[in-house]
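Working notes, beginning with the structure itself.
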Ligand code: PBG
């Protein structure tokens, strides 16, 4: 880029001089429309249980869900993402609880769709909240079996759609699952159910607090590196996205968020598709701890989310969604 103008005629600080001029020329602005709120669901009655690894985040029993969903609606958050905390006695090698019409996610979907018309729902398609080994698919002969897993994932996706889920979000990183899911949805007349593919999900060290939250951490045997992406790679991310768009993905997820701003930008520039980013639990907990220990201030939350927008995200999954929406409303 050629710089037009020269100091002292040119002074870039002129347009930073006061708050109003900074607001006037700001290139990106975060709003509640950009936020997706993850909600953890648990069994039992009358339970709002704090999650130790994620300060400020709770697990809700079904009867307490309306409390948090109503808040999201009031702040005009467009979408919530549901995650189940499955009791150990319902987990097995095949993750069969994923296909139970009365599992936590199904119950939550039914009640939310009945009581809240104005907010969208999104569910992960993956088996890790349901498997005894903590992997996202069926574990056979020392690895997750791709083809057997995607048959179950397709059924899991269909069940979620039948329960009213608006956005099906395969987060398992198996090959070929978006095509299978699109096929089964269309065959059953869910032509308008959207697919948000976690096309670019890295085998990240930032998922720890979430695995604690869904109870899969201590269970995880081995590593997810045979299906989640290697964090040294970016070209490979483009292949993943191209494949999933061909298979029928409507939107693409990049996960985690802040360590992968380059990936978000490259995908947005290359494919012009809605890109959603996920500020994951480890990022959340780091910022939370920094604020608690007075190492950074609260505005670091806005900065982190705005950086994800600036890179090209259409929206961001964040555990800060309620706090941020509240703050934006009061501003
Ligand atoms: C897996 C899944 C993961 C997260 C959500 N769904 C990661 C994993 O355990 O591999 C992580 C989200 C977070 O860290 O906030 N289906």
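The values are calculated or read from the model by the stated rules, or taken from the named source; none is laboratory data. Just so it is clear, the structure is predicted and the values come from calculations on it, not from any experiment. Methodologically, a virtual Cβ is constructed for each residue, glycine included, from the backbone with ideal geometry; neighbour enumeration extends over all protein chains shown.
For every residue, the table says whether it meets (1) within 13 Å of the ligand (Cβ to nearest atom); (2) under 20 Å from residue 93 (Cβ atoms).
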site: 152; (1), (2): no, yes
site: 167; (1), (2): no, no
site: 197; (1), (2): yes, no
site: 208; (1), (2): yes, no
site: 222; (1), (2): yes, yes
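Taken over the stretch 107-138, residues that are in contact with a helix residue (DSSP H, G or I) (Cβ under 9 Å, 6 or more places away or on another chain) and farther than 16 Å from residue 83 by Cα amount to 7.
Here is a yes/no grid of residues against (1) in contact (Cβ under 8 Å) with a residue 40 or more places away in the chain; (2) away from the ligand (no atom under 12 Å from the Cβ); (3) assigned to a helix (DSSP H, G or I):
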site	(1), (2), (3)
233	no, yes, no
237	no, yes, yes
265	yes, yes, yes
283	yes, no, yes
304	yes, yes, yes
307	yes, yes, yes
310	yes, yes, yes
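Name every residue in the stretch 134-150 that is in a loop (DSSP other than H, G, I, E, B) and surrounded by fewer than 19 Cβ atoms within 10 Å (Cβ to Cβ), in order of residue number. 141, 142, 145 - these are the residues of the stretch 134-150 that are in a loop (DSSP other than H, G, I, E, B) and surrounded by fewer than 19 Cβ atoms within 10 Å (Cβ to Cβ).
When the stretch 285-302 is filtered for residues that are more than 16 Å from the ligand (Cβ to nearest atom) and either surrounded by 23 or more Cβ atoms within 10 Å (Cβ to Cβ) or in contact (Cβ under 8 Å) with a residue 60 or more places away in the chain (or both), the ones remaining, listed by number, are 292, 302. Looking across the stretch 84-99, the residues that are within 16 Å of residue 153 (Cβ to Cβ), under 23 Å from the mean Cα position of the chain (by Cα) and not in a helix (DSSP H, G or I) come down to 84, 95.
If you check residue 190 against the conditions, is it part of a loop (DSSP other than H, G, I, E, B) and in contact (Cβ under 8 Å) with a residue 40 or more places away in the chain? Spell out how you get there, then give the answer.
Numbers: part of a loop (DSSP other than H, G, I, E, B): yes; in contact (Cβ under 8 Å) with a residue 40 or more places away in the chain: no.
It is false that residue 190 is part of a loop (DSSP other than H, G, I, E, B) and in contact (Cβ under 8 Å) with a residue 40 or more places away in the chain.
Per this entry, residue 252 is counted among residues that are at pLDDT 95 or above, in contact with a helix residue (DSSP H, G or I) (Cβ under 6 Å, 6 or more places away or on another chain), outside any helix (DSSP H, G or I) and within 16 Å of the ligand (Cβ to nearest atom).
Within the stretch 234-252, the set of residues being buried (at least 23 other Cβ atoms within 10 Å of the Cβ) and within 14 Å of the chain's Cα centre (by Cα) comprises just one member, 252. In this structure, residue 18 does not qualify as exposed (fewer than 13 other Cβ atoms within 10 Å of the Cβ), at pLDDT 95 or above and within 23 Å of residue 308 (Cβ to Cβ). In the stretch 194-209, the count of residues that are under 17 Å from the mean Cα position of the chain (by Cα), under 17 Å from residue 308 (Cα atoms) and part of a loop (DSSP other than H, G, I, E, B) is one or more.
Kindly evaluate residue 227 against the criterion of being part of a loop (DSSP other than H, G, I, E, B), within 15 Å of the ligand (Cβ to nearest atom) and under 29 Å from residue 54 (Cα atoms).
Values: part of a loop (DSSP other than H, G, I, E, B): yes; within 15 Å of the ligand (Cβ to nearest atom): yes; under 29 Å from residue 54 (Cα atoms): yes.
So residue 227 passes the test.
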